[in-house]
Every structure is written in C-alpha cells, then in structure tokens.
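Coordinate-derived values only; no laboratory data. The structure presented is a predicted model; accordingly, all values stated were derived computationally and were not measured. Here the Cβ is made from the backbone with ideal geometry for all residues, glycine too, and neighbour counts use every protein chain on show.
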Amino acid sequence: MKNQSKSQSSNQRIDVYTSITNQIIASIENGVGEVQLPWHRKGFSIVRPSNVQSKNSYNGVNILSLWIAAYINGFEHGLWGTYKQWQERGAQVRKGEQSSLIVFFKDIDVENESGEENSRYSIARASHVFNVAQVDGFEIDIGEPQIDKIIACENAERFVQATKAKIEIGGMRAFYSPSSDSIKMPDRHRFIGTDTSTPTEGWYSTLCHELTHWSGASHRLGREFGNRFGDNKYAMEELVAELGAAFLCSKLGISIVPRDDHASYINNWLQVLKSDPKAIFTASSKASKAADYLISFLNQSTLSEAA
C-alpha cells in the first residue's frame, strides 16, 4: 500500500508540473510573434497576485500561472481564492466560470522499513482558484488608480540606491560583469519614450534584470543550476533574470518593458521548458528568492531612515 500511495503521489506530481508548464509554454508560444511574454502588460504595472483569505502574495511559479490566467482572461485585479474561500467571504463564484491552476507543496513523512528515522519529501498538489472578477457579492475597488509613473520611478531609484550595486552608465549594452562585479547600463535617454521629460520605466525594468544577475554572485545568493541543465544553464540564468525583473517590477509598482534581446532567448527558453517540466518551477523559485533578497535592501534602508 505504501508503494502504491507513493506511486500515486508521483503521478500527481508529474501531472501538476506538466499542466502548469504546458500552460506557460502555450502562452509564450502565442506571444512569440510580438516578442511579448505573458507577464508583459503594455501600459500597466503588473500586480503581484494575492489570496483573498490570507492576504498573502503568491510566490514562485504561482505568480506566473496567475499572471497568465489574468492576461488571457483580461482580469484587471490580482485577487484570487478557491471556491470555498470565496464562499467564506460571502461571495459566490458565478456558474460556468473556469478556475485557474496553482500548486502547493506538502511535506510527507515516509516510514523506513529498516526502522531508521523517517524520511521526508515534498509532493506537489494542485489547487484551483478564481479571480475576483469571476464572483458576485464581493466589493472591491477595481478602478483604483495606477501608481503615478514619476512616483514609481522615484521608488525604483530608492530601491536601486539601497542595493549599493556598482552601476556604470554609458555605452549601448546593458549587462552584468562578474569579473568586476558591476552592472553596465546605457544612458537613460536611450529609453526615453513619448514623454521626453521623464525616463521611461524601461530603464528600470532593464536594470532590475541586471540586478537579478548581480544577486546570483557567489558571495551573495551563489546561484547555481548543477549538472541537471547542462548546456542550458545560460538560458536558465537568463530566464531567472527575466522573471526576477518581472517580480521586482510588480513589487515596485512599475511596468516591465520587453527587452530587445527577448526574441533571441525565447526559443531557448521554450526548449528548456519542453525538455524539463520542472524547469519553470526551478527558475521561478530562484527568481522569487532573488527578488526578495534585492527588495530586502530597500526594506533595510527604510528601517534605517526611520530609526
């Protein structure tokens, strides 16, 4: 019975990984023609999805899964909950509404036949949630104003300064140099859009990408992918940086702007995701850790100013 139970858990784990990965692959493939990833929302800042019951933000791959669901369905608000959670809040999911898939991990203790200490492993469990736009009887200010662009840039500037990363301005390319532990960024005027008085958020979202690379240095998070990804390690790091930038932009309240080099990476990312259903889980987990690590500098700076 134990072996049968473990086999069933394994099958379910594979199904969850595959289902979410396939959803992300399909969404990326649908946007290849525009060189647009599903978490790029033109003209809008992306909102970190949160749970109606706990008020906590979702993490890791669940952020991507719910961003994609919102993108496909045109949901403007990032509040989600299970059918039961909405009922407990006095709301009702409308008949015919389709749920969105998320995943949570549950630790399981397995008794060793030898009588030694039990081993513990995590299994992935599927859960289904509905957006606030899919329920009746729950009042929320859907039309709350977006964060002003200039204020958002000020917030981003405070964040960048708090990291104390070495940033050199000039040239035509944005990149992180491990040898000098520094970030190279083009002049801000190269990112100017229609409003020439204010740098667009593209400069900051690009810098967030490079800061995610910066966070992975050996004396910081020491981000490594091991032998599992082989020749795809570079593509994985670029995917982590892409997701890290998206997570940071959502925390800072600014829009993430597609980079010019996305087109050259998309096929590599798709190849990695198709060959390993767990790859997007690994990338999003590391990206979440990077974003939390980088934002912690801003939180520490704010506490220092208040002291």
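For R228 and F104, the difference between the fully extended length at 0.36 nm per residue and the C-alpha to C-alpha distance is 42.3 nm.
Each of T212, T282 has some number of other Cβ atoms within 10 Å of its Cβ, and from fewest to most they run T282, T212.
What full-extension length gain, to one decimal in nm, is calculated for S285 and M172 as 0.36 nm per residue of separation minus the Cα-Cα distance? All intermediate terms of the calculation are to be shown ahead of the outcome.
Numbers: separation 113, 0.36 × 113 = 40.68 nm, distance 3.10 nm.
Computed gain between S285 and M172 is 37.6 nm.
Applying the Karplus relation 6.51 cos²θ - 1.76 cosθ + 1.60 with θ = phi - 60° to the range 290-296 yields 3J(HN,Hα) values of 5, 5, 5, 4, 5, 5, 4 Hz, where x marks Gly and Pro. The trypsin sites (Lys or Arg not before Pro) of the range 218-255 that DSSP puts in a loop, and whose beta carbon has at most 16 other beta carbons within 10 Å, are R220. Couplings for the range 98-106, taken from phi via the Karplus curve 6.51 cos²θ - 1.76 cosθ + 1.60 with θ = phi - 60°, read 8, 7, 10, 8, 10, 9, 10, 10, 10 Hz in order; Gly and Pro are left as x. Summarising the amide proton neighbourhood of E76: residues at separation of 5 or more, or on other chains, whose placed amide H is nearer than 5 Å comprise an empty set.
Work out the FRET efficiency for A217 and E157 from their Cβ-Cβ distance, taking R0 = 30 Å, and round it to the nearest 0.05.
Numbers: r = 23 Å, r/R0 = 0.75.
Rounded to the nearest 0.05, the efficiency is 0.85.
Read phi for every residue in the range 166-181 and hand back ³J(HN,Hα) as whole Hz from Karplus 6.51 cos²θ - 1.76 cosθ + 1.60, θ = phi - 60°, with x for Gly and Pro. Per residue, the Karplus-derived 3J(HN,Hα) values read 7, 10, 10, 9, x, x, 10, 10, 10, 6, 9, 9, x, 5, 9, 6 Hz. Taking label positions 7 Å along the Cα-Cβ direction at both Q300 and N268, the computed distance is 3.1 nm, reported to one decimal.
Database remark: amide H of D187 closer than 5 angstrom to the amide H of G170, G171 (H placed geometrically; neighbours at sequence offset of 5 or more, or on other chains; Pro and chain starts carry no H).
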